[in-house]
Each structure stands twice: as C-alpha cells, then as structure tokens.
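No value in this document is a laboratory result; all are computed from the given coordinates. Fair warning: this is a prediction, and the values are worked out from it, not measured in the lab. All Cβ positions, even for glycine, are placed from backbone atoms using ideal geometry, and neighbour counts span all protein chains on display.
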Amino acid sequence: MNKAELVESVQKNLGASKAEAERAVAAVIDSIKVGLKKSKNVQLIGFGTFKVAERAARMGVNPKTGQKIKIKKSKTVKFSAGKDLKSKI
C-alpha cells in the first residue's frame with residue numbers, strides 16, 4: 001500500500017472527501033516526524049513504536065571502483081510492530 005492508497009482507504013473509512021483524508025494522513029505523518037525529532041520515540045499502543053537509532057561510523061566499499069570509503073555516523077528510524085499488529089499479520 002502506498003500513500004495514495006492509504007488516503008483512499010482513510011477516505012472510505014471516514015466517509016470524508018479526498019482532500020480531508022489527505023490532510024488527515026499528512027497530519028499523522030507530520031506528528032510522527034515531530035515526535036521523533038522531539039523525544040526520539042513515538043509509541044502507538046497496539047500498532048507499534050517508531051524509534052530513532054544511531055548508526056556508527058564504518059568503513060564501506062564503493063561497488064563501482066572497489067575503493068574503501070569511510071561512511072559517517074548517521075541517524076535512522078526503526079519500527080517495532082506492536083502485539084496487536086503482529087497478531088493480525
């Protein structure tokens with residue numbers, strides 16, 4: 001399911017217009033982004049948890065040239081599915 005399909009599903013479930021459904025989906029996504037930036041953890045009971053994780057600096061290889069390169073440390077987002085979501089899959 002992509003974002004457009006999610007908007008369509010929300011529209012059907014709410015009985016709302018497409019514009020309202022798009023605003024609702026965008027609001028949820030933006031709220032998750034703000035929560036991750038602010039507290040580094042967003043927990044949706046029954047669905048799952050989004051967490052900010054740090055990747056350590058490491059050595060990598062350029063696949064084109066085979067040359068070793070240093071990859072800087074970075075941040076990423078990890079998702080852990082909740083109990084209810086796991087049981088439905």
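Here are the numbers for the structure shown:
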read-out: Residue-count net charge about Lys78 - beta-carbon cut-off 13 Å; Lys, Arg +1, Asp, Glu -1; value: +3
read-out: Of Lys40/Lys73; Lys3/Lys78; Lys37/Lys70; Lys12/Lys37; Lys40/Lys70, those spanning more than 21 Å from alpha-carbon to alpha-carbon; value: Lys37/Lys70; Lys12/Lys37; Lys40/Lys70
read-out: Residues of type aspartates and glutamates that Lys18 reaches as a straight line, Cα spacing below 16 Å, ignoring anything fewer than 8 places off in the same chain; value: Glu5, Glu8
read-out: Cα long-axis angle, helix 3-14 against the chain (0 to 90 degrees, to the nearest 10); value: 20 degrees
read-out: Environment charge at Val25 (Cβ cut-off 12 Å; Lys +1, Arg +1, Asp -1, Glu -1); value: -2
read-out: Mean ellipticity per residue at 222 nm, deg cm²/dmol - from DSSP H runs of n ≥ 4 across the chain, formula -39500 (n - 2.57); value: -14500 deg cm²/dmol
read-out: Centre separation in Å (Cα based) which lies between segment 1-35 and segment 67-88; value: 23 Å
read-out: Whichever lysines have a C-alpha closer than 18 Å to that of Lys83, once near sequence neighbours (fewer than 8 apart) are set aside; value: Lys51
read-out: (i) 55, 29, 29; (ii) 66, 33, 20; (iii) 78, 33, 25, with the label sought being that of the calculated Cα extents along the principal axes in Å; value: (i)
read-out: Assigned charges on the beta-carbon of Lys, Arg, Asp, Glu; segment 40-89 dipole about Cα centre (debye); value: 280 debye
read-out: Cα centre as origin, Lys/Arg/Asp/Glu Cβ charges: the chain dipole, Debye; value: 840 debye
